[in-house]
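Report on one structure; see the data block that follows.
The values are calculated or read from the model by the stated rules, or taken from the named source; none is laboratory data. Here the structure is a predicted model, which means the values were calculated and not measured. With ideal geometry, Cβ positions are generated from the backbone for all residues, glycine too; neighbour counts draw on all protein chains shown. With ligands, DNA and RNA removed, areas are computed over all heavy atoms of the protein, side chains included. Shrake-Rupley method; radii C 1.70, N 1.55, O 1.52, S 1.80 Å.
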Amino acid sequence: MTKDDVLAGVGPRLRQLRKEREVTLAALAEATGISLSTLSRLESGLRKPSLELLLPIAQAHQVPLDELVGAPPVGDPRVRAKPIQRHGRTYWPLTRQPGGLQAFKVLVPPRREEPEPQTHEGYEWLYVLSGRLRVVLGEHDLVVGAGEAVEFDTRVPHWFGAAGEVPVEFLSLFGPQGERVHVRARSTRT
């Protein structure tokens, strides 16, 4: 649909809305401060709509402006990432642009495996949503529970997997160039 098609549809939409609400042109002119002739030309398509004209009409009818102009519906805001299976784990990418900081939701099933720490460039932050995450980081062997987070330089040998008999689900923020996550919190001093 072109801009001209959208603009051409405004007049009939204005007339229909006014008639549905059983409002006369004179009453709408009084409510909006827009002359009767201008309203008539808007409805017949002889006058192009502008924000200065549409805003008071939308207010008078108590409808959103997009209803007057027939704006297309807003797209679905949900992230519908396609899961990636790798090494027995499921990753859902939550960022769409390549490079820079990347976000993933990760599900690791419980399985008996010997940790094989790896290193690579970057910085990682993990936040456990459910289950328990075993993190081997350098000489440390930690178990992180739901609501807890860890962050580390990925040049330190590291490995993580499910701790226990249930899957672990966590969020991973990874910066391949070593970007760190900055958490800002308001102080609660008394």
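With the other protein chains left in place, how much accessible area per residue, in square angstrom, belongs to the chain at a 1.4 angstrom probe? Don't jump to the answer; show the numbers that get you there.
Numbers: 12820 Å² over 190 residues.
I get 67 Å² per residue for this part.
Can you classify the chain as rounded, prolate or oblate using the Cα gyration tensor, where a ≥ b ≥ c are the square roots of its eigenvalues, rounded means a/c under 1.5, and otherwise it's prolate if a/b beats b/c and oblate if not? Please report the intermediate quantities before stating the final value.
On the way: a/c = 3.79, a/b = 3.34, b/c = 1.14.
Taking the square roots of the gyration eigenvalues as a ≥ b ≥ c, the chain is prolate.
How would 34, 84 line up by accessible area, probe 1.4 Å, largest first?
84, 34
Please state the shape class of the stretch 109-179: rounded when a/c is under 1.5, otherwise prolate if a/b exceeds b/c and oblate if not, all from the C-alpha gyration tensor. Intermediate values should be presented prior to the final figure.
Details: a/c = 2.12, a/b = 1.38, b/c = 1.54.
Since a/c reaches 1.5 but b/c is at least a/b, the shape of the stretch 109-179 is classed as oblate.
In deg cm²/dmol and to the nearest 500, what is the mean residue ellipticity at 222 nm of the chain if only DSSP H runs of at least 4 residues count, each as -39500 (n - 2.57), divided by the residue total?
Only helices count here, giving -8000 deg cm²/dmol.
Tell me, which longest segment in the chain has none of the GluC sites (Glu not before Pro) that fall in DSSP loops with at most 16 further Cβ atoms within 10 Å? Intermediate values should be presented prior to the final figure.
Working: sites that count: 22, 113, 121, 139, 148, 165, 179.
It works out to 23-112.
7 Å from Cα along Cα→Cβ at both residue 139 and residue 41: what's the point-to-point distance in nm?
8.4 nm
How much length, in nm to one decimal, is gained on full extension between residue 114 and residue 4, taken as 0.36 nm per residue of separation minus their Cα-Cα distance?
Working: separation 110, 0.36 × 110 = 39.60 nm, distance 6.52 nm.
Going from the current span to full extension adds 33.1 nm.
With a ≥ b ≥ c the root eigenvalues of the C-alpha gyration tensor of the stretch 85-127, is it rounded (a/c under 1.5), prolate (a/b larger than b/c) or oblate? Each step should come with its number before you reach the end.
Numbers: a/c = 2.40, a/b = 1.44, b/c = 1.66.
Because a/c hits 1.5 or more and a/b fails to exceed b/c, the stretch 85-127 counts as oblate.
Using a 1.4 angstrom probe on heavy atoms only, work out the carbon and sulfur share of the accessible area of the chain in %.
On the way: 6830 of 12820 Å².
Carbon and sulfur atoms account for 53 percent of the accessible area of the chain.
Compute the separation of the alpha-carbon centres of the stretch 29-59 and the stretch 10-26 and state it in Å as a whole number.
Measuring centre to centre over Cα atoms gives 11 Å.
For residue 129 and residue 66, FRET efficiency with R0 = 25 Å and r from the beta-carbon atoms, rounded to 0.05?
With a Förster radius of 25 Å, E is 0.10.
Convex hull over the Cα atoms of the stretch 56-143, averaged projected area in nm²?
Details: hull surface 41.2 nm².
The number I arrive at for the stretch 56-143 is 10.3 nm².
Go through the stretch 1-94 and name the trypsin sites (Lys or Arg not before Pro) that are in a DSSP coil and have 16 or fewer other Cβ atoms within 10 Å of their Cβ. Mind dumping the intermediate values first?
Details: sites: 3, 13, 15, 18, 19, 21, 41, 47, 78, 80, 86, 89; in loops: 21, 47, 78, 80.
Passing both the DSSP loop test and the Cβ count: 21, 47, 78, 80.
Roughly what angle does helix 51-61 make with the longest principal axis of the chain, taking Cα atoms, 0 to 90 degrees, to the nearest 10?
The two axes meet at around 90 degrees.
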